[in-house]
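J.: A single structure is presented below for examination.
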């Protein structure tokens, strides 16, 4: 069984000691995400990106969360930023990420054409 509370407590202490460390916020965000605390996870990914706007992995992880929350436009934007930053994901090639963007675009509501 995961010790979610312990992990969050540890990351809270790390953030208290190193409030400008984007990796601490990112790691705590992943714990929140794994515990379905999506709003807290988004806030931590946002803070990580605020502290390090070139933190590609944070954009990738936040895109995953946005997809889970059915925020497809935000997921697409984050994946595009991830690619722009030259991000690499161990399990996904750049082509895989581009295919994911196309998949997410297919989930967006279709616009009605003006007549």
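J.: Quick one: give the max-minus-min coordinate of the C-alpha atoms of the range 35-76 along each principal axis, largest first, in Å.
T.: Sorted from largest, the Cα extents of the range 35-76 read 25, 22, 12 Å.
J.: Give me the orientation-averaged projected area of the Cα convex hull of the range 1-53, in nm², one decimal.
T.: The Cα convex hull of the range 1-53, projected and averaged over all directions, gives 3.2 nm².
J.: Just to be sure I understand: if I project the alpha-carbon convex hull of the range 54-107 onto a plane and average over all orientations, what area do I get in nm²?
T.: 3.1 nm²
J.: Can you match semi-axes √(5λ) of the Cα gyration tensor in Å to one of these, [x] 30, 16, 9; [y] 29, 16, 13; [z] 39, 20, 13, based on a calculation from the structure here?
T.: Calculated semi-axes √(5λ) of the Cα gyration tensor in Å: the matching label is [y].
J.: Also, quick follow-up: To test your reading of the geometry: what angle, between 0 and 90 degrees and rounded to tens, separates the Cα axis of helix 72-84 from the longest principal axis of the chain?
T.: Around 80 degrees separate the two axes.
J.: Next question, about the same structure. How far is helix 4-17 tilted off the main Cα axis of the chain, in degrees rounded to 10, range 0 to 90?
T.: Once rounded, the angle reads 80 degrees.
J.: Based on DSSP H runs of at least 4 residues, each adding -39500 (n - 2.57), what is the mean residue ellipticity at 222 nm of the chain after dividing by all its residues, to the nearest 500 deg cm²/dmol?
T.: On the way: 6 runs with 81 residues, N = 115.
Value at 222 nm, helices only, nearest 500: -22500 deg cm²/dmol.
A short reminder: the numbers here are calculations on the coordinates, not readings from a lab. Predicted, not measured: the structure shown is a model, and the values here were computed from it.
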